[in-house]
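Student: Encoded as structure tokens, here's the structure I'll be asking about.
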Amino acid sequence: MVCVYSKTGVSQKGGKRMRTQREEFEKKWIASIRIGDKEIFGEIYDHYWKRLLAISFQHTKDKELAEEIVQDVFVSVWQRRQDVKIDNLDRYLATAVKFSTFKFLQRRRRQELIREEVLPHDQMQLDEEAIDARFLQEYVNGVVETLPDRCRLVFQLSRSEQMTHREIADTLDISEKAVEANITRALKVLRVSLRKVGFTFLAFLFF
């Protein structure tokens, strides 16, 4: 196969083609998971294992613990394969591992503080809130990454860049109604995702 290169590497056209092929490959994997194809699931496990392990280890600094967390995520995906909604397998697994890792760290820190009784209750609460805040930001970032490209870009320009609907519309050459529709869609996904992991109050307060 002949590859087309620009001065900076693979051309945009080639990059887009590769991304499309990868997305189609992921769709086949997702479909195989739903019908309970153990052989394909094993391939998925082997393909993502090292990357997911690195994500968890980055926060736990404990290889055995990171392995256990990643293993639990794969078990959960398999057990819930007919119910779980997966649009992007790579982003879904990465977000699931981050979520499981931070929830474990949160529980472990709480148990340590209670067992050692070295901090007053107020300080303990502040420590837990710091963990929650860190997890929340990581989790939200992960959910945003699962959004469709246009929806994700509009939301990021609105929230991260603090751009108005008009500015976003002008930048992307779309209508303000399209901007509003994409932001509404993103917020709906975030609310649902946050409720699933126990951040019900924050889901309505901030989103």
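Student: Could you please find all residues in the range 71-100 being in contact with a Gly (Cβ under 8 Å, 6 or more places away or on another chain), among the charged types (D, E, K, R) and within 21 Å of P148 (Cβ to Cβ)?
Tutor: R91, K98
Student: Under 6 Å between Cβ atoms, which residue pairs at least 6 apart in sequence (or on different chains) link something in the range 175-199 that is closer than 17 Å to K85 by Cβ with a partner that is among the aromatic types (F, W, Y) and at pLDDT below 95?
Tutor: So the pair list comes out as A186/F155; L190/F207; R191/F207.
Student: Of all residues being more than 16 Å from the chain's Cα centre (by Cα) and in contact (Cβ under 8 Å) with a residue 12 or more places away in the chain in the range 50-67, which is surrounded by the most Cβ atoms within 10 Å (Cβ to Cβ)? Just the residue, please.
Tutor: So the first thing to find is which residues in the range 50-67 are more than 16 Å from the chain's Cα centre (by Cα), and the list is 50, 57, 60-67.
Now narrow it down to the ones that are in contact (Cβ under 8 Å) with a residue 12 or more places away in the chain: 60, 65-67.
Numbers: T60: 19, L65: 17, A66: 22, E67: 16.
Checked the range 50-67; the qualifying residue surrounded by the most Cβ atoms within 10 Å (Cβ to Cβ) is A66.
Student: Ok, one more. Being at pLDDT below 75 and among the β-branched types (V, I, T) is the filter; apply it to the range 92-150 and report the residue that is nearest to L53 (Cα to Cα).
Tutor: Per the criteria, the residue is I131.
Student: Here's a follow-up. The conditions are (1) touching a residue at least 12 places away in the same chain (Cβ under 8 Å); (2) of a type in the set (A, V, I, L, M); (3) assigned to a helix (DSSP H, G or I), and V75 fails exactly one of them. Which is it?
Tutor: (1)
The values are calculated or read from the model by the stated rules, or taken from the named source; none is laboratory data. Here the structure is a predicted model, which means the values were calculated and not measured. All Cβ positions, glycine included, derive from the backbone under ideal geometry; neighbour counts span all protein chains shown.
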